[in-house]
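Below is one structure, written out as structure tokens, with a few remarks after it.
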Amino acid sequence: MNLITLLSIVVSSALIYSAPLIFTALGGTFSERSGIVNVGLEGIMVVGAFASVVFNLTFGHIFEGWTPWIGLLVGALFGAIFSLIHVVATVHLRADHIISGTVVNMLAPALTVFLTRILYEQHGQTEIIKYSFGKTTIPFLSKIPFIGQIFFTNTSAPAYLAIVVSFICWFILFKTTFGLRLRSVGEHPQAADTLGINVYLMRYSGVIISGVLGGIGGAVVAQSISLNFSVLTIAGQGFISMAAMIFGNWNPIGAMGAAIFFGLAQSLSVIGSYIPIVQDIPSVWLSIAPYLITVVVLVLFIGRSDSPAANGTTYVKSK
């Protein structure tokens, strides 16, 4: 195997596994920039994955090749709806953010597996979907010598969409009035309130956006990696996304870079046999590497990262 082919396999696999992490980490960034800790990203991804697969299996014969892309929108919709549980609990019911997010994570798998059994003759998982994202060769860019074959041939279209969305999210957060208001609510909600900013509305917006992006992340996992839905479709992806968000210092571009790093770590268990140095490492270590790296990142960076000052606090509007 020559160098270009090896690099192409590594880059392609890393992008496939990083795409859902990028979307979900971006969602977590919006939520926490508004001051709401969203531990429930895992549960939101589960709901997005379930909704997208059900849509894919039900309507695939109608939309055919467009089915997985529309499935992203379906996952986004149901992710946004499910995120309302967390935002209502934390903003209006003043629940602890961690406990509320944990409830979301516990509710989502139980609810979706229950619905799966109802919809699919008591089976605990769905059938394999017929229409998935697969691998895409990007026209024109794939013709670039060396770079084209590595980055734009047999690659992941959702990953490049996620990269584009990352830059859009950065622009929204740091270059728009909406982003300034969202960040101000996450830093000092009392001061933002005195300036006429609706703190509750901004926090709702941040969490619902996280639901949209987290739902898309779950839909990408289900339609490009697992290709069906079961209780194990989202196995810690939401928590890895949170680690990417923290590693990226609550910045969309930083979160994207961290998610690509974690995606590469996840892909090693699949492509490790092709890489000369990695192929000698026992497969069990490659399988648990992403989770070990997540723990290490959290230990090393969670105390040093510059998180929003009011993140995790409950705001009560003064009379």
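Read the figures in this text as sums done on the coordinates, not as results from a lab. All values derive from a computational prediction rather than experimental measurement. Don't worry about glycine lacking a Cβ; one is built from the backbone with ideal geometry, like all the others, and counts go over all protein chains shown.
Descriptive notes on the structure:
- Helices in the chain, meaning DSSP H runs of at least 4 residues, each add -39500 (n - 2.57). Divided by all residues, the mean residue ellipticity at 222 nm is -22500 deg cm²/dmol.
- Placing a label point 7 Å from the Cα of TYR120 along the Cα-to-Cβ direction, the residues of the stretch 207-235 with a backbone N closer than 11 Å are 227-233.
- Averaging the Cα positions of each part gives two centres, and for the stretch 11-45 and the stretch 106-155 these lie 17 Å apart.
- Efficiency of FRET between LYS130 and PHE167 - r from beta-carbon atoms, R0 51 angstrom, step 0.05: 0.95
- Angle in degrees between helix 3-33 and the longest Cα principal axis of the chain, rounded to the nearest 10: 10
- For the pair LEU7 and VAL88, label points projected 7 Å from Cα toward Cβ lie 5.2 nm apart.
- Across q = 0.07 Å⁻¹, the stretch 3-301 modelled as identical point scatterers on its alpha-carbon atoms has Debye log10 I(q)/I(0) values of -0.26, in the order of the q list.
- Taking each residue as 0.36 nm, the span from THR313 to LEU73 lengthens on full extension beyond its C-alpha to C-alpha distance by 83.3 nm.
- Compared with the dominant principal axis of the Cα atoms in the chain, helix 41-63 is inclined by about 50°.
- Extension gain for ILE288-LEU180 works out to 35.0 nm (0.36 nm per residue, less the C-alpha to C-alpha distance).
- Applying the Kirkwood pairwise sum to the alpha-carbon positions of the stretch 43-161 produces a hydrodynamic radius of 16.6 angstrom.
- Between 0 and 90°, nearest 10: helix 157-175 axis offset from the chain longest Cα axis: 30
- Take the Cβ atoms of GLU64 and ALA95, set R0 to 45 Å, and the FRET efficiency comes out at 0.55.
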